Amino acid sequence: MTRRPLIAGNWKMNLTHVEAVELVRKLGAALPDAVHDVVEVAVLPAFPHLHPVRTVLATEQLRMVHGAQDLAPQDGGAYTGDVSGPMLAALGCRYVLVGHSERREHHHEDDALVNAKVHAALRHRLTPLVCVGEGLGVREQGRHVEHCRAQLDADLTAVTPAQVAASVIAYEPVWAIGTGRVATPDDAQQVCGALRERVAERCDAATAGAVRILYGGSVKADNVAELVARPDIDGALVGGASLDADEFSRLCAITAGRYRGSTDEHS
Ligand code: PEP
């Protein structure tokens, strides 16, 4: 089985809704069908921008998909300020980020909550993009693989093999996010490969072969080719570089070119 590469742009808490619409239009113009034929391109705007972005994607028949950056573990009720899975599903979201390190750090989200959010996403046919990754201290102690495997185990508690296969895992070392300090392709492959092995142990080889695993952390057009050339890296979760239409579309095109050249490495 060949896994379809995914490049997902995490716009974080940036842009007004007017700027978000402008960005998605620019991306639509910059990304040819030849890229979409190979790479799935997703944008993850802030909540208020989901409806206008969705409208532009639909009315202008752009081939990107959209998703959200977080969701509540509950499906509705008295949870002021939160946004539920049913709301995101009604907005046509395909993906939702879960367990991003900025949520873990600034909102004190632990693995139990991340796991509840994974289940909330799956209940509403949203694909969770489950983020794991170590901080600098853990990396310096050489415990990054065990740390990420433990996060994955906890975050995927009681998720069935079929649900795991349909999910996306993102390895995002915290020390590489927004710092300009990208993991080397070897570092990224080491952890992504270990995560795939862990999925095989928890589930089975078919599930491990199907689940897509992304790398995230200071990915740019200039460094994406070497990362996605690695056998267990099926694309990228991109923060800063996704806010620049030229840079992001170049990054997607380079990924497509890399896959066109060597699809069997990722199967
Ligand atoms: C992210 O926020 O998921 C991310 C990878 O950010 P950046 O690309 O800016 O490091």
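Miscellaneous remarks
- Dimensionless Rg/Rh of the range 24-118 - Kirkwood Rh, Rg from C-alpha atoms: 1.03
- Segment ASP75-THR157, extension gain: residue separation times 0.36 nm, minus the distance between their alpha carbons: 27.6 nm
- In whole angstrom, the range 131-194 maps to an equivalent ellipsoid with semi-axes of 22, 13, 10, each derived as √(5λ) from the alpha carbon gyration tensor and ordered largest first.
- Per residue, the convex hull spanned by the Cα atoms of the chain amounts to 114 cubic angstrom.
- 3J(HN,Hα) couplings calculated from phi for the range 60-71 with the Karplus curve 6.51 cos²θ - 1.76 cosθ + 1.60 (θ = phi - 60°) are, in sequence order, 9, 6, 8, 8, 6, 10, 10, x, 10, 9, 5, 8 Hz; Gly and Pro show x.
- Only DSSP H runs of four or more residues enter the estimate; each adds -39500 (n - 2.57), and after division by the residues of the chain the mean residue ellipticity at 222 nm equals -13000 deg cm²/dmol.
- Reachable lysines, given that their alpha-carbon falls under 17 Å from the alpha-carbon of LYS117 and they are not under 8 places away in the same chain: none
- Its relative contact order, with pairs defined as Cα atoms under 8 Å and 6+ residues apart, puts the range 96-242 at 22 percent.
- Accessible area in square angstrom per residue, the range 115-175, 1.4 angstrom probe: 37
- Cα-derived Rg over Rh, computed across the range 124-267 with Rh taken as Kirkwood radius: 0.96
- Surface accessible to a 1.4 Å probe, ILE254 within the full protein complex, Å²: 50
- Accessible area of the chain belonging to carbon and sulfur atoms, whole % at 1.4 Å probe: 52
- GLU201 versus VAL18: modelled label distance in nm, points set 7 Å from Cα along the beta carbon direction: 5.3
- Amide H contacts under 5 Å for VAL43: GLY9, VAL65, HIS66, GLY67, restricted to partners 5 or more places along the chain or on a different chain, H placed in the peptide plane at 1.01 Å from N.
- Inverse mean reciprocal Cα-Cα distance (Kirkwood Rh) of the range 1-65, Å: 12.2
The values are calculated or read from the model by the stated rules, or taken from the named source; none is laboratory data. Everything numeric in this text was worked out from a predicted model, so none of it was measured. Note: ideal-geometry Cβ built from the backbone for every residue, glycine included; neighbour counts use all protein chains shown. Surface areas here come from the heavy atoms of the whole protein model, side chains and all, with no ligands, DNA or RNA. Shrake-Rupley method; radii C 1.70, N 1.55, O 1.52, S 1.80 Å.
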